[in-house]
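Sharing a structure, written as structure tokens. Questions coming.
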């Protein structure tokens, strides 16, 4: 497999070098310690993304790649008793962990969770008011990103919004990104994701981006809100 592909909206984006089976096995393995590895650095980015999503009571909201379930809990609280949250993740152990988190907070009655692949979402057309993806889109191989975004557009209602938080190639190329990509090329089992152009990918998939920022974690992070056309 080549290690990069050139598309009109993603020049120089590296390819994903692990199979989906390997990715699933990796997240099954780290499910119990994921929060220790990533919670501190990722939390400010996800909170900024959730602010953009602006969930309202009564809505139906989908999270793709819900991980340990903490965002699902925030979403479940936001939609209230009249709303519903849906989640899909490739890892069975993440699914079990997320169910524990929701159950412990008394929120499972507001949630419907699935273990599966976002390239084929098990939801009806136009059934979601909003979709949230946080450090997930960059885990998909470059040719698969349009497939995932097309599925998201299918399940969104007209005018529905999607928020993507993703490690980004936007901005000045620097040592941190070069080191990130070098590690991804040579040790994909340790660095399974790579920087992408999230806003460009959304616009190429037919969404209208209406809020956009590039923030700094230890790498650049895009936070994008886009809408399905009415």
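The values are calculated or read from the model by the stated rules, or taken from the named source; none is laboratory data. What you see is a predicted model; the values in this text were computed from it and never measured. Neighbour counts run over all protein chains shown; Cβ positions are idealised from the backbone, glycine included.
Any residue in the range 212-220 that is in a strand (DSSP E or B), at pLDDT 85 or above and within 25 Å of residue 158 (Cβ to Cβ)?
Checked against the condition, which is being in a strand (DSSP E or B), at pLDDT 85 or above and within 25 Å of residue 158 (Cβ to Cβ), the range 212-220 yields at least one hit.
Let me ask another. Does the range 53-62 contain at least one residue that is surrounded by fewer than 16 Cβ atoms within 10 Å (Cβ to Cβ) and farther than 23 Å from residue 153 by Cα?
There is no residue in the range 53-62 that is surrounded by fewer than 16 Cβ atoms within 10 Å (Cβ to Cβ) and farther than 23 Å from residue 153 by Cα.
When residues of the range 65-99 are filtered for being in a helix (DSSP H, G or I), within 15 Å of the chain's Cα centre (by Cα) and in contact (Cβ under 8 Å) with a residue 60 or more places away in the chain, how many remain?
2
Go through 62, 102, 95, 52 for me and flag whichever is out of contact with any helix residue (DSSP H, G or I) (no Cβ under 9 Å at 6 or more places or on another chain), modelled with pLDDT of 95 or more and more than 27 Å from residue 218 (Cβ to Cβ).
Among 62, 102, 95, 52, only 95 is out of contact with any helix residue (DSSP H, G or I) (no Cβ under 9 Å at 6 or more places or on another chain), modelled with pLDDT of 95 or more and more than 27 Å from residue 218 (Cβ to Cβ).
Could you say which residue among 167, 163, 176 is closer than 21 Å to residue 194 by Cβ, part of a strand (DSSP E or B) and modelled with pLDDT under 95?
Numbers: 163 fails: modelled with pLDDT under 95; 176 fails: part of a strand (DSSP E or B).
Answer to the check: 167.
State which residue is modelled with the lowest pLDDT when the search covers only the range 179-196 and only residues that are surrounded by 22 or more Cβ atoms within 10 Å (Cβ to Cβ) and in a loop (DSSP other than H, G, I, E, B).
Residue satisfying both the conditions and the ranking: 194.
Taking the range 141-153 as the region of interest, how many residues are crowded, with 24+ Cβ neighbours inside 10 Å and not in a helix (DSSP H, G or I)?
0
Another question, then. If you check 102, 107, which single one turns out to be more than 29 Å from residue 212 (Cα to Cα), without any contact (Cβ under 8 Å) to a residue 40 or more places away in the chain and in contact with a strand residue (DSSP E or B) (Cβ under 7 Å, 6 or more places away or on another chain)?
Of the residues listed, the single one that is more than 29 Å from residue 212 (Cα to Cα), without any contact (Cβ under 8 Å) to a residue 40 or more places away in the chain and in contact with a strand residue (DSSP E or B) (Cβ under 7 Å, 6 or more places away or on another chain) is 102.
Being without any contact (Cβ under 8 Å) to a residue 60 or more places away in the chain and either in contact with a helix residue (DSSP H, G or I) (Cβ under 7 Å, 6 or more places away or on another chain) or closer than 27 Å to residue 120 by Cα (or both): is that true of residue 31 here?
No: the conditions fail for residue 31.
Collect the residues in the range 45-64 that are in contact (Cβ under 8 Å) with a residue 24 or more places away in the chain and within 15 Å of the chain's Cα centre (by Cα), keeping them in residue-number order.
Result: 45, 46, 48, 49, 50, 52, 53, 61, 62, 63, 64.
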